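None of the figures in this text is laboratory data; all of them are computed from the coordinates on show. As the structure is a prediction and not an experimental result, all values here were calculated from the model. Here the Cβ positions follow ideal geometry from the backbone for every residue, glycine too, while neighbour counts run over all protein chains shown.
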Amino acid sequence: MGGQGKGKQETALVEIIIISAVTIAGLALQFVIGPLDFGILAFPVNLVLGLLLLLLIPFKFPKSIRRFGSGRVSVTLLAIVTLMAIYMGVVPGNDVKHSWPFALIYLMTMVNLALAVGKRVRKFNLKRDHGFMLNHLGLLLLLFSAGPGSGDMQRWFMTVAEGATEWRGERAGVNEPVELPVAISLIDFSMEEYPPKIAIVNKSTGESQPSGKPVFIESTDGNSGIIAGWSIQIDSFIYRPMMAPSAFISAKRVSDGEMISGRVSCGNIFQQFAILDIDDRFCFAMTHPEPQKFSSQVKVYTKEGEERTGIIEVNRPLTIAGWKIYQYSYDTRRGRDSEISVFELVYDPWIILAYIGIGMVMIGSLTLLIKGGKRE
Amino acid sequence: MSWNEFIYFAAGSLLFWISGTVALYRLRRSLTGELLIIAGLLLFSSFIALLWDYIGHPPLRTMGETRLWYSLFLVLVGYVTYKRWRYKWLMAYSVLVSSVFIFVNLLKPEIHGTNLMPALQSVWFVPHVTVYILSYAMMGAATIASAITLSSGEKRERELLPLIDNLVHIGFGFLVLGMLMGAVWAKEAWGDYWTWDPKEVWAFITASAYLIYMHAHYTKISRREALWILPVAFILLMITWLGVNYLPAAQGSIHTY
Ligand code: HEM
């Protein structure tokens, strides 16, 4: 347990000084070189780094190195990383995650974990150590693939028109198409929307009524409801391709029986919007339909001749040859009549390691639920 | 079985759960209480199953439907944890929180018309949020226990420290599960498991504060001194849960809830 002796206090101080010195060296690097470019960690640099970390596990190094695998050091590292994260969470527009001090502390955390795992590997006792191993080795794998591993990550955006096949992708913010090892042929883009809604809107402020607690009525055939003292009936709702949704409504003021009826529409690029005036302050209006689900039916090819057909939608990427293809966007001005689909293509060769790490820590956290705070 | 019948199932389940919890407190043997709680769980699950059959897809699409799962999971996990640790108050707490969700569903159903944006329509949504809520409950209890310990003498300390450590470790287990489910989900939805989005930054801060507590006995910090970490960590947790959206660095976060 806690080191009480004077000798231990001194070693703790030495460790804190060394860790602080590394952080300060990181700050110096930051000023001289600028932010860390994760690209320099790309294969084979990350592989070598990973192997070096791996070597820390089976071999017994001299005490001067082993001390960085102690629980005491981990507390210092965690404290520093917490402070950095607080800076990240409070100061707008910072780039701590790409900074050298952060990267060096991250590296020392991996070293700490590898040495601590190594210590337990050498006197491994399944009953005592399984939880520790799952949590710390799993975390090490996860930190490695999410950190140095991300040097190999590639992300591209690809816009494909219905009926067309596309090989070229672009990086975020860079307008230079590059030919990729995978191609997408878009058979069909389709979208389901939530029905638009009828509201009573203040014409000068745009605020939906009743003020502060707005009520909406879904615009579907035959639906009805009450908003701010008006009983509203949707007589018919029409929404055809290449047209804006529009509804014929009749409304009756509950207090005096006054009737208003007519057409409202939210409008889109195909058609003008339409409102129905109540008086010079309020009107009936329709909100824009919100996307419920959008998906692309695709055929995907690789340069190696692999082929796959499938449907890609949000939360359901398609995987082929190490690439994951995500539904990213569409022509939002045309909405469900979009004739293009935008995909994000992600290549992340370390993902399997990351998932192994995630799986290990998940099982490890189950051991926490079962064992609680009992000391080993 | 549609939402119209929900009130009968909800009232029945609540009756079972509340009387079961009372029985756990009142009776010497726990069997009656446990059977009542299990009966409530079965009744509530059967509503979900029948609703599922009626609408023809898993009821995970609207806010009302996801709250249905919260209500079930809270009591289920509360019961499993009770089986393991015998904390009656935890059973009572999960029934209480679950009934809040049930009442929200009865009073403000949002059973249709809530527009869940496509990225939120994921199987991970419910478990991700549910285990976080469980973790918050544990950490809240640990914070209260730490405040009691810090304001009283040695004797309470010996009694409460093991409880506090249990709560923090269990709570941290749930916290990690919540974070990792979030990570897997983010990977499926956005192609990246961790983007240092403001909510993620604060979740990270919270987790590392608790990690400091869990590793503190390796330093010369005494156990009593280490207890001070818990109220601080709980404030960080509250910032993560409720406060992030007000921070200047959080404008444009993907976590709008
Ligand atoms: C999933 C997250 C983590 C969990 C659940 C966890 C949990 C634990 C537990 C239960 C122990 C054993 C404590 C005891 O024997 O009483 C331990 C020890 C230790 N942990 Fe962690 N920890 C985690 C993350 C970390 C991190 C991020 C670091 C590094 C910064 C770290 C470094 C260490 C070290 C060095 C030890 C001492 C090993 C030894 O001396 O044998 N842990 N941890």
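Amide H contacts of A:Phe282: A:Lys203, each under 5 Å away and 5 or more positions distant or on a separate chain (H built 1.01 Å from N in the peptide plane; Pro and chain starts excluded).
3J(HN,Hα) couplings calculated from phi for region A:310-323 with the Karplus curve 6.51 cos²θ - 1.76 cosθ + 1.60 (θ = phi - 60°) are, in sequence order, x, 10, 10, 9, 4, 6, 10, x, 10, 10, 8, 6, x, 9 Hz; Gly and Pro show x.
Built from the Cα atoms of chain B, the convex hull projects on average onto 15.7 nm², one quarter of its surface area.
Considering every residue in A:73-81, what mean count of other chain Cβ atoms within 10 Å of its Cβ is obtained?
The per-residue average across the peptide is 5.
Rg and Dmax of the protein assembly as shown, both derived from C-alpha coordinates alone, stand at 28.3, 91 Å.
Modelled spin-label separation between A:Leu47 and A:Arg333, with each label point placed 7 Å from Cα along the Cα-to-Cβ direction: 4.7 nm.
Under DSSP H, which helices of chain B have Cα atoms covering 15 Å or more of the helix axis and a Kyte-Doolittle average no less than 0.0? Intermediate values should be presented prior to the final figure.
Numbers: long enough: B:6-26 (29 Å, 1.30); B:31-55 (36 Å, 1.81); B:63-85 (32 Å, 0.32); B:88-107 (29 Å, 1.69); B:125-150 (37 Å, 1.45); B:154-190 (51 Å, 0.46); B:198-215 (25 Å, 0.55).
In chain B, the long hydrophobic H runs are B:6-26, B:31-55, B:63-85, B:88-107, B:125-150, B:154-190, B:198-215.
Against the empirical curve 2.2 N^0.38 Å, the C-alpha radius of gyration of chain A lands at a ratio of 1.42. If R0 equals 51 Å, the separation of the Cβ atoms of A:Asn125 and A:Glu306 corresponds to a calculated FRET efficiency of about 0.65. What FRET efficiency do you get for A:Ser204 and B:Lys108 if R0 is 35 Å and r is their Cβ-Cβ distance, rounded to the nearest 0.05? So the FRET efficiency works out to roughly 0.70.
Helix A:126-146 and the longest principal axis of the C-alpha atoms of chain A enclose an angle of approximately 60°. Fully extending the segment from A:Asp188 to A:Leu55, taken as 0.36 nm per residue of separation minus the present Cα-Cα distance, adds 42.8 nm.
Across region A:280-295, coupling constants 3J(HN,Hα) worked out from phi with the 6.51/-1.76/1.60 Karplus curve, θ = phi - 60°, read 7, 10, 10, 8, 8, 8, 10, 7, 6, x, 9, x, 9, 6, 9, 8 Hz, and Gly and Pro carry x. What's the FRET efficiency of A:Ser261 with B:Ala49 using the Cβ-Cβ distance as r and R₀ = 30 Å, to the nearest 0.05? Approximately 0.10, to the nearest 0.05.
The HN-Hα couplings worked out from phi for region A:228-236 by the Karplus form 6.51 cos²θ - 1.76 cosθ + 1.60 (θ = phi - 60°) are 6, x, 10, 8, 10, 10, 8, 6, 7 Hz, whole numbers, x standing for Gly and Pro.
Per residue of B:188-201, other chain Cβ atoms within 10 Å of the residue Cβ number 5 on average.
Size descriptors for region B:1-43, from the alpha-carbon set: Rg then Dmax equal 11.7, 40 Å.
Restriction of the trypsin sites (Lys or Arg not before Pro) in region A:109-158 to DSSP coil positions whose beta-carbon has at most 16 other beta-carbons within 10 angstrom yields A:Lys123. Under 5 Å between amide hydrogens, built in the peptide plane, is the criterion, and for B:Asp192 it picks out B:Lys187 among residues at least 5 positions away or on other chains. Among A:Leu104, A:Leu142, A:Leu126, the largest mean-square fluctuation in a Gaussian network model of chain A, built with springs joining Cα atoms closer than 10 Å, belongs to A:Leu126.
Just in region A:253-357: which trypsin sites (Lys or Arg not before Pro) are loop by DSSP and have at most 10 other Cβ atoms within 10 Å?
Working: sites: A:Arg253, A:Arg263, A:Arg281, A:Lys293, A:Lys299, A:Lys303, A:Arg308, A:Lys324, A:Arg333, A:Arg334, A:Arg336; in loops: A:Arg281, A:Lys303, A:Arg333, A:Arg334.
The qualifying sites are A:Arg333.
Across chain B, the longest piece that holds none of the trypsin sites (Lys or Arg not before Pro) lying in DSSP loops with up to 14 other C-beta atoms within 10 Å covers B:87-257. The spacing between region A:203-279 and region A:112-169, judged by their C-alpha centroids, is 52 Å.
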